[in-house]
Amino acid sequence: MANAGPRPAPSRPGNGEDMGAGIGPVLERPSRRRWPDPSLALVGTTFWVVLAFIVVPLGVLAAVSVHPGRFMTFPPQGFSLRWYQTLLTSSQWLEAIRNSLVVALGSAVLATSIALVLALVLDRYPVRFGEYMRRLGMMPLFLPPVIMGVAFVAFFYEIGFSGRIENLIIAHGIFNAPFPLLLISSGLSKVNRELEESAMNLGARPATVLRTVTLPLIRADVFAGVLFAFLLSLNEYIVAFLVSGFTVVTLPIEIFSSLRYSFSPVIAAASVLFIAGTGFLVWLADRLAGGLWD
Amino acid sequence: MAVAGGGSRSAKQANRLVYLLLAYPGGMLVVFFLVPLIMLVVFSVYRNIPGGGWETAFTWDNYVRAFERGLYRDRLVFTLQLSALTALICLAMGYPFTYYLARRASPLVRRIGLAATISTLWLTYVVRSYAWSVLLSSTSGIGRLLFWLGLTERPVGYAPGYVATLIGMVYAFLPFMILSLYGSLRAVDPSMEEASMNLGARPWRTFWHVVLPLSWPGAASGTLLVFLLAMGNYVVPSILGQPAQWTMPVIITNQVMYESNVPFGAAISVVLMAVLGLVLFAAGKLLGAARMNPYPGRRDS
């Protein structure tokens, strides 16, 4: 009955699935005609130069990674996948990959579980204590990771529990919680309350409503939250480095420390795997959350 | 609220349930976030025992050392300068890029530009800095290209060094600037531009008086974001810089990891946090006026 909940906004511009729809044609007609060509050409050139600045370094890494020699050179002399083979057969690199995956998965589940419970409870019962918790949960976003890392070091030292993989999972779980928290809260705010109310009116218990109505409606946001937390953990260096205290080596830590001692193309191969994995996860998360950036 | 419903007794039960449910996220956040932050401050007044370890104490020595030694003041000033320069370069590069991306590019180009921006945004700083250390090394990349073109006598390496650090910083944080600008540039209503031009304003005037003012909040928040991220970054200056380019996070990490001086590392972390707090506070005051939404429908970034 009481329909205080926010309704889905009626077609906000630029929020839809088609990026160009709505504004595109109107935007382009006057500009093409009236904007003087030289300055538009300048802006257009800048665009392509900056785009090259963003993309080229990663392309160079990919090129270096297939160079057959012991030392990196560009352009590569020949083509070989031997560095990828080295990467995937070296126990050191495999250990780092395994640790990274364990930490990323564990911390993603931890971060999302914290975020999901907090967001669900606050969505229904906005109690003050919970609001403080939400603010606390968002704080890692504003704190430099190096400072959080030192805080975790001090904490784990003080309780005499340092240098374990669990510490990394906890640290990343807390550090990355803001992202699932944002995604799930925004997903919940778009849920049509009337659906839940109808289920209640038809006699469903709150737990049943949650399981059969609310959770299915926000499933994509929850998955996107897990993916983002996973992605962030996989790519995070400094908190992991500080908390691990040289005992647990993740993939970014392994790449970083290999850089100190060698300049082997294996590092480039590891980086390319990283780029591919990250690109895929970003694409997946974007698909799940239905166009996060437009 | 509607779901809670029912009489006062079930409301009371529901209330108890709420706190029970909140115990999990609340407990985790208090124990593993709030307490560590408090421990950071507590550690900063502990006394370090040279050669590893520390003792519980209440001493200002760590702070005195942080302020007395010219080294740490220098590093702080350097970090502030490098971050400010990074933020300005990101704005200078990001604004025309994002203007074109958001308002001029065809849907396909926009898709490509956004995909490139977003997928590098999440990529670890380690790989992104490493890419530039390859590009700026003497064996591959730009130095070799210049040599091959006959512009230099021998292949020159530019990394590690100041220029490499600055390029790496810009490369690391440009995507954040682009995404901050994107929302506000995309939201400027084209009919406003059209109206301005129909009233006879030249395109540059239209840009200067219509688009630029409306996109100012995105530019301001992007610049602030990049500045703060740059202040806190460890990876870029430690891969692409020499000791002369080390920023506060590098100094902090070296103290904690290689000098085993956690109390001093904690003290300079607290100093850095205080400086960042001041910057945020000042920026909040400064941008206070701009935060009034000049145009309804604009997406906050």
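The values are calculated or read from the model by the stated rules, or taken from the named source; none is laboratory data. None of the values given here were measured: they were computed from a predicted structure. Note: ideal-geometry Cβ built from the backbone for every residue, glycine included; neighbour counts use all protein chains shown.
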Inset, instruction - Say whether the condition of being aromatic (Phe, Trp, Tyr) and touching a Lys or Arg at 6+ places or on another chain (Cβ under 9 Å) is met by at least one residue in region B:113-129. - result: no
Inset, instruction - Collect the residues in region B:7-42 that are at pLDDT below 90 and within 7 Å of another protein chain (Cβ to nearest Cβ), keeping them in residue-number order. - result: B:Val18, B:Leu21, B:Leu22
Legend entry - Leading residue by the ranking (surrounded by the most Cβ atoms within 10 Å (Cβ to Cβ)) among those in region A:228-243 that are more than 10 Å from every other protein chain (Cβ to nearest Cβ) and of a type outside the set (A, V, I, L, M): A:Ser233
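Does region A:77-92 include one or more residues that are of a type in the set (Val, Ile, Thr) and more than 22 Å from B:Phe176 (Cβ to Cβ)?
Scanning region A:77-92, I find at least one residue that is of a type in the set (Val, Ile, Thr) and more than 22 Å from B:Phe176 (Cβ to Cβ), so the answer is yes.
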Inset, instruction - Look at A:Leu122 and say whether it is assigned to a helix (DSSP H, G or I), buried (at least 20 other Cβ atoms within 10 Å of the Cβ) and under 16 Å from the mean Cα position of the chain (by Cα). - result: no
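Is there a residue being facing another protein chain (nearest Cβ under 9 Å) and in a helix (DSSP H, G or I) anywhere in region A:219-227?
no
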Legend entry - Meets criteria (facing chain A (nearest Cβ under 7 Å) and hydrophobic (A, V, I, L, M, F, W, C)) for B:Ala116: yes
Legend entry - Which numbered condition A:Gly160 misses (of (1) without any contact (Cβ under 8 Å) to a residue 12 or more places away in the chain; (2) more than 12 Å from chain B (Cβ to nearest Cβ); (3) on the phi < 0 side of the Ramachandran plot): (3)
Legend entry - Cβ-Cβ under 6 Å pairs, at least 6 apart or on other chains, region B:84-111 side more than 7 Å from every other protein chain (Cβ to nearest Cβ), far side of a type in the set (S, T, N, Q): B:Ala87/B:Thr223; B:Leu91/B:Thr223
Inset, instruction - Being at pLDDT 75 or above and crowded, with 22+ Cβ neighbours inside 10 Å is the filter here, so list the residues in region B:134-144 that pass it. - result: B:Val134, B:Leu135, B:Leu136, B:Ser137
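Filter region A:245-259 for residues that are assigned to a loop (DSSP other than H, G, I, E, B) and at the interface with another protein chain (Cβ under 9 Å from one of its Cβ atoms) and give the result.
A:Gly245, A:Phe246
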Inset, instruction - Kindly indicate whether A:Leu143 is free of Cβ contacts under 8 Å to residues at least 24 places away in the same chain and either buried (at least 24 other Cβ atoms within 10 Å of the Cβ) or under 19 Å from the mean Cα position of the chain (by Cα) (or both). - result: yes
Legend entry - Given (1) of a type in the set (Gly, Ala, Ser); (2) within 15 Å of A:Asp123 (Cβ to Cβ); (3) outside any helix (DSSP H, G or I), number of the condition A:Ala204 does not satisfy: (2)
Legend entry - Boolean, B:Leu240 is in contact with a Leu (Cβ under 7 Å, 6 or more places away or on another chain), in contact (Cβ under 8 Å) with a residue 12 or more places away in the chain and surrounded by 20 or more Cβ atoms within 10 Å (Cβ to Cβ): no
Inset, instruction - Would you confirm whether any residue within region A:134-154 is over 26 Å from B:Leu229 (Cα atoms), assigned to a helix (DSSP H, G or I) and at the interface with another protein chain (Cβ under 7 Å from one of its Cβ atoms)? - result: no
Inset, instruction - Inspect region A:273-294 for any residue being more than 8 Å from chain B (Cβ to nearest Cβ) and surrounded by 21 or more Cβ atoms within 10 Å (Cβ to Cβ) and give the result as yes or no. - result: yes
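Which helices (runs of 4 or more DSSP H) sit wholly inside region B:159-224 and have at least 2 residues that are among the β-branched types (Val, Ile, Thr), touching a helix residue (DSSP H, G or I) at 6+ places or on another chain (Cβ under 7 Å) and under 30 Å from B:Thr124 (Cβ atoms)?
Result: B:162-187.
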Inset, instruction - Being within 12 Å of chain A (Cβ to nearest Cβ), surrounded by fewer than 13 Cβ atoms within 10 Å (Cβ to Cβ) and modelled with pLDDT of 90 or more narrows it down to one of B:Ala274, B:Ala230, B:Ala266, so name that one. - result: B:Ala274
Inset, instruction - Count, please, the residues in region B:121-133 that happen to be crowded, with 24+ Cβ neighbours inside 10 Å, at the interface with chain A (Cβ under 7 Å from one of its Cβ atoms) and in contact with a Leu (Cβ under 7 Å, 6 or more places away or on another chain). - result: 3
